[in-house]
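Enquirer: The structure that follows is given in the form of structure tokens.
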Amino acid sequence: MFTVETRTRVRNELLDAARADPRITSAAITGSAALDAEDEWSDIDLAFAIGAPDALSDVVSDWTSRMYESQHALDHLDVTAGKWLYRVFLLPDTLQVDLAFAPADEFRALAPSFKLVFGETNAAHHAAPRPARDLIGWGWLYALHARSSLARKKHWQAEYMISGLRDTALALACVRHELPTAHARGVDALPEPVVARFDEALVRRIEAGELDRSVTAALRIFLDEVRHVDPQLALRLQTLLTT
């Protein structure tokens, strides 16, 4: 397990290297460190602006080599969003390092967790929270597939769909309480009476009776959350999904 001191050292080394790379025109700390909210489990999140758009692939390639050679990375994965590339590295001490690369004309704060270290940034554009209506659509989709999986006796697939239904209901509860929905970041801040209801929607054994019980509980909680958004839609979904 990495230490706070190791994390600080690695972040400083990467920022020093960014300052020395003429292709990188700006850099920012993102994530919890930008909000002074780090704990001992926090990872490293950095974002870099690339001055010449046609240099981006070379910069990413060179920095990937740097991470494997100087930081001894074990593996990495990519996440893309628009013109941004997020390359996520795993280091041997389990430290996760997220390096985001974007053309300079796209470099901006996409969330409040953005602290410019050097260079310039464009006007902030914070992503809108996930709409409750989108979550409702995913919820009834999971409910339908849970039902068909159970009918086909595909019990592990049913468990997957029931968990998706439960997690969607949790996200709706987060929307209702103005908490983050992505990656369950707001779930542990939900009021205890709200989150306690979800315990009964957990699948505890992979068998038909238990799956029936948990999907019934998950669907009930999901419909309760939909009622806070659109009572008439909740009534229509209840008629459709519980018959």
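Enquirer: Take residue 117 and residue 64, extend 7 Å from each Cα along the Cα→Cβ direction, and tell me the distance between the two endpoints in nm.
Expert: Once both label points are built, they end up 2.1 nm from each other.
Enquirer: Further question on the same structure: Starting at the first residue of region 119-129, write each ³J(HN,Hα) from the Karplus equation 6.51 cos²θ - 1.76 cosθ + 1.60 with θ = phi - 60°, in whole Hz, x for Gly and Pro.
Expert: In residue order, the calculated couplings are x, 10, 9, 7, 4, 5, 9, 6, 5, 6, x Hz.
Enquirer: Using alpha carbons only, how many angstrom separate the centre of region 161-207 from the centre of region 67-87?
Expert: Centre-to-centre distance over Cα atoms comes out at 30 Å.
Enquirer: Rounded to whole Å and sorted largest first, list the principal axis extents of the Cα atoms in the chain.
Expert: 65, 37, 34
Enquirer: Taking a temperature of 25 °C and a viscosity of 0.890 mPa s, what whole-number D in µm²/s does Stokes-Einstein yield for region 132-241 with Rh from Kirkwood over alpha carbon pairs?
Expert: Answer from the Stokes-Einstein relation: 178 µm²/s.
Enquirer: At a Förster radius of 25 Å, what calculated FRET efficiency corresponds to the Cβ-Cβ distance of residue 125 and residue 230, to the nearest 0.05?
Expert: Numbers: r = 29 Å, r/R0 = 1.14.
It comes to 0.30.
Enquirer: Counting Lys and Arg as +1 and Asp and Glu as -1, what is the net charge of the other residues whose Cβ lies under 12 Å from the Cβ of residue 143?
Expert: Net charge in that neighbourhood comes out at +3.
None of the figures in this text is laboratory data; all of them are computed from the coordinates on show. As the structure is a prediction and not an experimental result, all values here were calculated from the model. Ideal geometry is used to build each Cβ from the backbone, glycine not excepted, and the neighbour counts take in all protein chains shown.
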